[in-house]
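K.L.:
Have a look at this one before I ask anything.
The values are calculated or read from the model by the stated rules, or taken from the named source; none is laboratory data. These numbers come from a predicted model, not from an experiment. Virtual Cβ from ideal backbone geometry, glycine too; neighbours counted across all protein chains shown. To get the accessible areas, we keep the full protein, side chains included, count just its heavy atoms, and leave off ligands, DNA and RNA. Shrake-Rupley method; radii C 1.70, N 1.55, O 1.52, S 1.80 Å.
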Amino acid sequence: MAKGEGRVTGRNTVSGKMLQSYIERLERLGEEKKQIGEDEKAVYAEMSAAGFTPKIVRLVIKRRAAKPADIEEVEAELDMYLNALGMTTEAPLFRAVGMMNVDLAAREQVIDAFKQLVPMEGEIIVKVGKQPVRLWRDAKGVAHAEDIQETAAPASSPKPSPASRREVPDVDEAGAFELGQAAYHANEPITSNPFAWDDKRRPQFDAGWRDASGSDGMGPDT
């Protein structure tokens, strides 16, 4: 028997057809990704021609997609590192607390000290020991504190695909505004907006998020 004779290929078998369908789907997705990349380059080129700096815009997009608490944590740590290297003359937040003659080993004292640093109509989240604490001021300017319960997702839980469609809430524009406020208080980024770009409720969600955060949606005010 000649070499190769009698060998069964998968061309017309069920498994062969299934494999081919997977490969063709991946090839189509690759083409779509390539096209999206080209479209993105075109937008950045147009933006650059209009006088905007693409690398700064990329930072803005990344910042808008981040959770408020994550941004605050990164900025606090960055401030600490810059101060340690002598690259800034402004004392970081932990030094400001230290100058209040607070016993850093006493949890309640630390929380009371941080209450003095909460901006009007704003909030901060700090970690005292292993317990994160949310500090905010009410409409009368009185500072409050509450423990935040961290819930870790199961290790086996799959991460949602960025391309997956969000369920659109059945609310009017006022309801969208309230959802935006609730999203901020739930530590969700402004990009968690569930409404389509051409939906009149989308700007109302963003307005609610900014109203609750007291910022423009690019991150916490400094």
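K.L.:
Can you tell me which condition MET99 does not meet? The list is (1) surrounded by 12 or more Cβ atoms within 10 Å (Cβ to Cβ); (2) at pLDDT below 85, and all the others hold.
P.N.:
Checking MET99 against (1) surrounded by 12 or more Cβ atoms within 10 Å (Cβ to Cβ); (2) at pLDDT below 85, the one that fails is (1).
K.L.:
Give LYS3, LYS33 a once-over and let me know the one that is of a type in the set (Lys, Arg) and at pLDDT below 85. Steps first, please.
P.N.:
Numbers: LYS33 fails: at pLDDT below 85.
When all the criteria are applied, what remains is LYS3.
K.L.:
Next question. Being of a type in the set (A, V, I, L, M, F, W, C) and either loosely packed, with under 13 Cβ neighbours inside 10 Å or modelled with pLDDT under 75 (or both): is that true of ALA76 here?
P.N.:
On the way: of a type in the set (A, V, I, L, M, F, W, C): yes; either loosely packed, with under 13 Cβ neighbours inside 10 Å or modelled with pLDDT under 75 (or both): no.
Against the criterion (of a type in the set (A, V, I, L, M, F, W, C) and either loosely packed, with under 13 Cβ neighbours inside 10 Å or modelled with pLDDT under 75 (or both)), ALA76 does not qualify.
K.L.:
Go through the stretch 183-197 and give me each residue that's more than 15 Å from the chain's Cα centre (by Cα) and either open to solvent by less than 50 Å² (accessible area, probe 1.4 Å) or touching a residue at least 24 places away in the same chain (Cβ under 8 Å) (or both). Explain how you work it out, then say what you get.
P.N.:
First, pick out the residues of the stretch 183-197 that are more than 15 Å from the chain's Cα centre (by Cα): 195-197.
The answer is PHE195, ALA196.
K.L.:
Another question, if that's okay. Could you grab the pairs with beta carbons closer than 8 Å, sequence gap of 6+ or different chains, first residue in the stretch 32-45 and within 18 Å of LEU59 (Cβ to Cβ), second one surrounded by 10 or more Cβ atoms within 10 Å (Cβ to Cβ) and of a type outside the set (A, V, I, L, M)?
P.N.:
From residues that are within 18 Å of LEU59 (Cβ to Cβ), the pairs are TYR44/PRO54.
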